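A quick write-up on the structure given underneath.
None of the figures in this text is laboratory data; all of them are computed from the coordinates on show. Not measured: the values here are computed from a predicted model. Virtual Cβ from ideal backbone geometry, glycine too; neighbours counted across all protein chains shown.
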Ligand SMILES: Nc1nc2c(ncn2[C@@H]2O[C@H](COP(=O)(O)OP(=O)(O)OP(=O)(O)O)[C@@H](O)[C@H]2O)c(=O)[nH]1
Ligand SMILES: [Mg+2]
């Protein structure tokens with residue numbers, strides 16, 4: 001029997017009323033659930049994956065994929081900086097020691113490659129060379145050794161070392177060396193503490209998979225960062241479960257560089273190979289992908305000296321035309337996406353970035369829409385759209 005209040009209403013209207021109550025109940029429970037999540041997040045905020053407890057809940061997972069040196073860990077650092085997941089004092093100290101390691105290792109690679117470049121170091125610089133090759137690791141809180149500063153400064157003043165620096169691409173010289181050498185006096189000062197900019201330029205090869213929790217827009221997000229070296233790739237599969245979005249990084253400067261592990265392989269070709277298997281994998285069919293071309297700053301410099309056609313003969317743009325170069329590589333990557341796998345601007349997004357530039361990264365990450373359906377599956381975006 002009809003409720004007296006419903007008397008005279010059409011069956012359709014009668015159906016609508018419970019529906020309104022159902023929606024209200026859903027909204028209420030959703031807000032309640034969201035508040036519960038926020039409470040739990042507050043308790044578990046800034047916990048890394050290694051100290052996660054049952055208090056915290058993970059609701060999204062970003063997977064960073066790409067070849068070695070393509071900027072995956074740099075993007076992760078940017079996410080942490082932009083989303084206030086600050087670095088602990090022990091991490092900052094580890095970065096300080098890493099700065100010393102990057103400087104010494106970089107200079108060692110450079111010195112070791114001189115004979116291959118047909119260059120010879122004058123005898124007067126042999127003691128400086130020995131100081132660099134014999135330098136040990138830096139101990140906790142120990143200052144950078146002054147003799148290393150004097151040795152590296154003397155080496156950098158010599159035309160032979162300067163020429164090797166210029167020809168860095170031929171010897172797979174770490175791309176952060178110009179930044180490190182420019183900042184040498186600051187690094188070697190006793191009060192040196194790495195800045196965010198330093199941290200972004202420092203290089204530590206990722207081994208295995210690191211999982212870091214970042215709170216993005218109130219949502220606990222697990223960011224999985226894999227090692228891109230050839231020997232690391234067989235471990236990628238361990239990170240493939242429950243992915244919300246993939247960020248696939250490609251270093252734009254890779255077009256003229258060889259893989260450190262296999263000098264016969266071109267970095268960009270290697271990246272195209274991996275991209276082909278990732279973007280067409282059935283496993284990732286429904287996962288949005290952001291294809292991120294990194295190192296745009298270095299690419300703009302590199303293209304002034306190295307013509308893309310020397311490495312990719314079907315490039316028909318003019319030498320030094322950075323825009324044509326970028327378009328060419330974007331199209332090369334898009335041409336690998338098989339029909340029906342991913343659709344541009346629907347579940348495949350392209351960004352060209354300088355990963356070390358925090359301002360640009362913020363714009364890009366905002367653009368990519370952290371709390372929008374680009375990064376979150378529609379269900380989560382729906383959930384997200386309710387006011388608290
Ligand atoms: N100038 C500049 N340097 C960059 C950019 N992206 C990354 N780098 C530098 O490139 C080096 C390698 O970057 P990582 O983020 O460690 O590379 P990765 O992809 O994590 O490498 P693996 O851990 O070996 O897989 C670091 O020294 C970064 O500072 C960029 O857009 N511009
Ligand atoms: Mg890494």
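General remarks:
- Label zone (residue 92, point 7 Å along Cα-to-C-beta; backbone nitrogen cut-off 17 Å) within the stretch 159-195: 187-195.
- Proxy reagent accessibility, fewest Cβ within 10 Å first, across 69, 262: 262, 69
- Fewest neighbouring Cβ atoms within 10 Å first, the residues 184, 259 line up as 184, 259.
- Ascending count of other beta-carbon atoms within 10 Å, so fewest first, for 195, 339, 358, 213: 339, 195, 358, 213
- For the stretch 89-201, the share of alpha carbon pairs falling in successive 5 Å distance bins from zero is 2, 11, 24, 24, 19, 12, 6, 2, 0 percent.
- Label-to-label distance, residue 286 versus residue 141, with points set 7 angstrom from Cα along the beta-carbon direction: 5.4 nm.
- Residues of the stretch 279-295 with amide N under 12 Å of the 7 Å Cα→Cβ point at residue 234: none
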